[in-house]
Structures are given as C-alpha cells and as structure tokens.
1. Need one number: the % of Cα-Cα pairs in segment 71-184 sitting beyond the 20 Å mark.
2. Fewest Cβ neighbours within 10 Å first, please rank Ser60, Ser98 accordingly.
3. With every atom except the alpha carbons ignored, what do you get for Rg and Dmax of segment 175-255, in angstroms?
4. Just want the ordering: His253, His171, His32, His86, from fewest to most Cβ atoms lying within 10 Å of their own Cβ.
Amino acid sequence: MSIQPSHTPQPLLGLVGFGAFGRLMAQHLNAHFRILVHDPALPPGPVEGHPAVKAAELASVARCPIVVLATPIDGLEEVVAALAPHLSAGTLVLDVGSVKVIPAAIMKRGLPADVDIVATHPLFGPQSARDGIAGLKIAVCPIRGRRGLRVAAFLRRALGLDVIITTPEAHDEDAAVVQGLTHLIAKVLVRMEPLPTRMTTRSFDLIMQAVGMVRHDSPAVFQAIERSNPYSAAVRDRFFRLAAALKLDLEDHAAGEASAPLVAGSPANGAQPSMPDRSRKHIDDDDTGDDQAKPEKGRRIEALLEPDPAHG
C-alpha cells in the first residue's frame with residue numbers, strides 16, 4: 001500500500017488594496033501564499049488576470065494570519081479602523097507605503113495590542129521591477145512584536161530582496177532626499193517637455209531614465225512623498241534655496257561680464273577680429289549663396305585640413 005505524500009496548503013495572505021503595487025505584490029507572492037484581496041473596485045470572486053488571487057470582503061481578508069495594507073496614506077486611518085475589529089490575536093499586519101513615520105503611528109494607535117506590526121517600504125515600483133525584483137531594496141521597520149526579523153529573512157531568502165532594517169524616523173529622513181528630490185526634479189522635467197532625445201549625453205539619458213521610472217506614479221504617491229514625510233519640507237526648501245543662490249551667482253557673473261570695460265585690441269577698437277570671430281565670419285560667408293555660385297561648399301572636410309591663408 002503506497003502512502004500518498006501530504007500537501008500542506010499554502011498559508012493565506014490578505015491584501016488590502018489592489019492598485020499597481022498591489023498587483024505587483026500578488027505577482028511575486030502567489031508562489032508562496034494563497035492571496036485574498038479586498039478592493040472596492042473588485043467584486044468578490046476570482047480576479048481576472050490573477051488566477052491565484054480571489055477578491056473577498058474586508059472581514060474575510062482580516063481573518064488571514066498575514067495582512068498587508070497597500071492603500072494610499074490619506075485613507076490608511078479609515079482602513080485600519082475598519083480592519084481592527086476583525087483581526088485575530090497574533091495576526092501580522094504590514095504596510096508598503098512610501099513614508100513610514102505617519103503610517104507606523106496610525107497602525108500602532110489603531111490596531112489591537114495583540115497584533116504584530118511591521119512597516120515596510122519596497123524601494124521600487126512596477127517600472128523598476130519590470131525585469132524582476134531580485135536584488136532590489138526594501139526597508140523593514142519592526143513596530144510591534146518580534147517578527148520583524150522573520151519578515152526580513154523571508155524577503156531576503158524567498159524573494160531575493162536587499163533588506164534594510166531601520167526605524168520609521170531614519171527611513172523618512174533619508175527618503176526625503178532620495179525620493180523627495182527624485183520626484184520633485186522629475187515633475188519639473190516633465191513640465192519642461194518636449195526635451196531633446198537625439199543629441200544627448202549619457203548623464204542626461206540616465207536622468208531621463210530616472211524620470212521614466214516615476215513619471216507614471218499616481219498623484220497620491222507624489223503627495224505622500226512630499227506632504228506626508230515630516231522631513232520633506234526642509235529638504236525641499238534647502239534645494240530651492242540653493243538653486244536660487246546658484247541662479248543669483250550666474251546672474252551676477254553675467255552682469256559683471258556685461259559691465260567690463262573694452263580693452264585695447266578688441267574688435268570694437270578697430271583691431272583684427274579674434275580667431276573665434278573670424279571663424280564665425282568664414283562660416284557665415286560659406287553658408288551664403290547657392291551651391292552653383294560657391295563650388296567650395298562641397299569641400300568642407302578638405303577645407304578643415306587647409307592652412308588659414310591669413311597665416312601664409
């Protein structure tokens with residue numbers, strides 16, 4: 001008589017919110033969990049395009065042993081209040097927001113005392129995770145309970161993420177620069193479009209790659225990074241202050257050049273034009289008339305090799 005191997009079902013994971021990042025999470029977690037998701041936009045039942053995911057009521061999602069909150073910060077307090085009565089003792093609750101101080105305080109204040117809390121911030125999004133998430137970074141902030149290190153170990157070993165264990169305060173202080181400035185500069189550059197795409201430098205291409213990674217983020221993400229991070233305002237003010245000072249430096253330098261007295265030997269005093277001035281005149285002369293009147297126009301490369309007659 002053969003003994004059939006037992007198949008232990010995968011543990012349940014509840015996901016609140018199924019936006020762009022919620023869908024990315026489901027894609028990478030469905031190999032490890034059965035996923036129940038609650039989102040007002042989804043009717044109960046199988047989720048189209050995600051065969052391993054089922055939509056359910058919030059109470060059903062709350063009964064999962066692990067619950068992940070993937071909702072905008074401006075609605076987090078309301079979600080926590082609705083979720084709290086349905087949670088069991090020992091449930092692990094995580095969030096995945098872009099800021100950590102305010103969400104950590106909301107969860108600590110609103111969730112039952114017998115619920116463990118870990119605040120996380122995946123330092124990537126759907127654009128930067130197009131080729132997979134292995135090697136990408138995630139911040140992990142243990143808030144309540146002792147499972148923060150277990151979460152970190154799972155993220156590192158099962159998903160291949162580069163885990164940074166930190167505090168909400170330290171996270172937000174760094175993120176105010178790392179994310180705050182990136183999104184701010186990206187917003188400005190997008191408003192300056194169209195920008196050059198052909199004659200570009202490698203450094204400019206890298207800047208535009210960074211812009212491309214965040215240009216499609218929802219407005220809620222930008223608002224959270226700039227308004228819900230308690231350190232962002234100071235970083236933003238310093239950036240604009242330094243930019244304004246640099247602008248003044250450039251204007252003062254330009255004004256100084258404009259007011260400088262003419263020196264002897266300048267073209268305005270009747271002296272021989274400088275080499276750049278004469279070169280510009282030759283270019284202007286060479287670009288006048290038609291090809292028939294100026295046979296030398298087809299000899300520009302050869303002309304570069306000929307000595308200047310003025311030096312003959």
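Bear in mind these aren't lab numbers, they're just calculated from the coordinates by the rules spelled out. Keep in mind it's a predicted model, so treat the numbers as computed, not measured. We place every Cβ from the backbone using ideal geometry, glycine too, and count neighbours over all the protein chains shown.
1. Numbers: 2771 of 6441 pairs.
Percent of Cα pairs beyond 20 Å in segment 71-184: 43.
2. If I rank by nearby Cβ atoms, fewest first, I get Ser60, Ser98.
3. For segment 175-255, the Cα radius of gyration and maximum Cα-Cα distance read 14.6, 43 Å.
4. On the way: His253 10, His171 26, His32 13, His86 16.
In increasing order of surrounding Cβ atoms, one gets His253, His32, His86, His171.
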